[in-house]
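Taking it in order: structure first as structure tokens, then the write-up.
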Amino acid sequence: IIKGEDKISALPDDLLVHILLRLYTKDVLATMILSKRWQYVWTMVPRLGYTNINDDDTNNSLFGRLLGRFFHKSEHQQRCLWRFIDKSLQLHKGPLLTLVIELIGPSRCHVDVGKWIANAVDRRVCELLLRITWTSLEPANLCKSLYTCDTLVKLHLSDKIIVDVPSRVSLPSLKRIVLSRLWSNCPILKSVSVDRHPHDNVRNFNIKAPSLESLLYYNLYHVVVHNEGIWGSLVIDSPALREFFYRDFSGDSCSIENKPCFHKASIDFDSYPDDKFMRSLSSVMYLELDLSGATAAWCNAINFPKLVKCALTLLIDLDWLELLMGLLQNSPNLKALFIYQKCSELLQSGLLPKGPRHCLSRVCNAFRLMPGVVRPPAFLTTSSVPGCFSSHLEIFEWTGYIGRSKEKETITYIFANYKCLKRAHFSMKSTCKDIDREKMMKELKSMCRVSTSSQLLFSTWNFRAL
């Protein structure tokens with residue numbers, strides 16, 4: 001307002017809506033009491049996000065009184081957050097392209113989430129995020145119309161939500177989803193993220209999406225005893241899959257159909273992948289692998305002719321020297337190798353969660369007794385040198401180097417055999433004493449390097465429990 005004249009209110013509706021898009025929804029609704037000009041402008045805003053509103057907001061001296069006066073509700077009803085969401089959705093009349101609802105914390109209110117979603121679907125919503133963690137509520141049911149919403153592009157469902165998929169599902173515009181069981185009739189779906197819960201009651205998990213390009217699947221809960229002795233399964237049928245991020249400590253089986261051509265994969269499991277799963281990784285170019293008993297079993301069984309970058313995490317004290325050489329022997333075109341050694345710190349500090357620690361120990365013991373696994377001879381005595389050392393390997397980095405004898409043996413062997421190395425980088429713990437750090441650096445510098453022009457770099461590493 002300049003010299004008594006309201007310049008902002010004179011702006012056209014489109015510009016006012018653009019301004020309101022920069023505000024939180026609770027602030028957008030508060031503009032309705034500014035003047036008659038502003039009373040209905042907020043109803044044209046195409047995005048509503050109930051993510052920064054709580055009971056304190058709806059009860060404070062200004063915002064709560066404004067909502068109470070406008071909605072004509074009793075003081076008790078004003079205190080229920082869901083009343084605010086319910087009424088604002090009823091009054092909103094314009095297209096609703098994006099709806100975000102997060103109900104977090106304790107509450108005694110009953111909510112009809114299905115009605116809210118149906119409201120958004122009727123107005124051709126494009127993006128929908130729904131997260132409910134209210135501790136006193138039963139899991140929310142979704143409306144059936146959501147599964148046939150032809151405008152929905154992004155869908156994110158989290159926590160206390162029942163996904164009861166009807167027999168007819170049609171989501172022709174859906175490109176991104178965070179959850180499960182909605183994919184077979186989504187012809188242009190590109191990305192899926194799944195974070196399993198130990199009580200989700202899903203035993204057999206199937207993903208069939210012909211257009212899927214990126215899949216993240218996390219099942220981090222170790223199950224000691226499965227119901228009735230029956231184990232679960234994961235089956236993936238997505239021939240266009242290019243990126244695969246897989247963490248599974250449940251012990252379930254895993255299978256990949258139609259052998260997709262992976263570009264990037266990140267793997268860590270205590271499960272039972274079949275041969276098709278393991279062979280699907282042979283085409284990968286970028287591989288992140290937690291080297292444990294379960295993953296080590298197939299290190300020497302698969303060729304990686306296209307692998308150019310590999311990051312290995314050493315999780316347990318297996319004979320990882322031999323396993324590492326077996327993996328590199330099958331990766332003739334590898335150009336960059338990164339090693340992250342974190343297992344010793346995790347196990348000794350007690351920071352590793354109880355379930356995964358038990359899981360890794362069990363896998364380690366199982367590997368030692370695994371039938372059909374032929375242990376290779378010690379690599380230091382073998383006459384075979386991995387092809388990547390002599391012709392391709394250019395970058396080598398070791399994070400968490402502590403100078404143990406087998407680490408020094410590994411470095412000695414690598415330094416003596418690779419010919420194209422451009423850079424070797426060693427990162428040591430920041431908690432390491434200066435005298436010990438200087439000793440390790442001196443030992444590394446004294447090692448003979450066949451690539452005399454390579455750089456030798458050192459840094460410190462701040463250990464954090466992951």
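Every read-out reported here was derived from the displayed coordinates using simple, explicitly stated rules and does not represent laboratory data. For clarity, every value in this text was computed on a predicted model and none was experimentally measured. Backbone-built Cβ (ideal geometry, glycine too); neighbour counts: all protein chains shown.
With respect to the cross-link table entries K264/K422; K276/K408; K190/K276; K306/K445, which display a Cα-Cα separation exceeding 29 Å?
K276/K408; K306/K445
Excluding S145 itself, what net charge comes from residues whose Cβ is under 15 Å from its Cβ, given Lys and Arg +1 and Asp and Glu -1?
+1
Considering amide H positions built from the backbone, and no H for Pro or chain starts, which residues 5 or more places from T399, or on another chain, come under 5 Å of its amide H?
The answer is I339, Y340, Q341, S427.
Where does each of 334-342, 205-213 land if you order them by average Cβ count within 10 Å, highest first?
334-342, 205-213
Once you list every other residue whose beta carbon is under 9 Å from the beta carbon of M44, what net charge do they have if Lys and Arg are +1 and Asp and Glu are -1?
Taking every other residue near M44 into account, the sum is -1.
Gain in length, H197 to A416, computed as 0.36 nm per residue apart minus the alpha-carbon separation, to one decimal in nm?
74.1 nm
Net charge within 15 Å of L20 by Cβ-Cβ distance, Lys/Arg positive one each and Asp/Glu negative one each, not counting L20 itself?
Surrounding charge for L20 is +2.
Quick check on packing: order 250-261, 420-431 by the mean number of other C-beta atoms within 10 Å, highest mean leading.
250-261, 420-431
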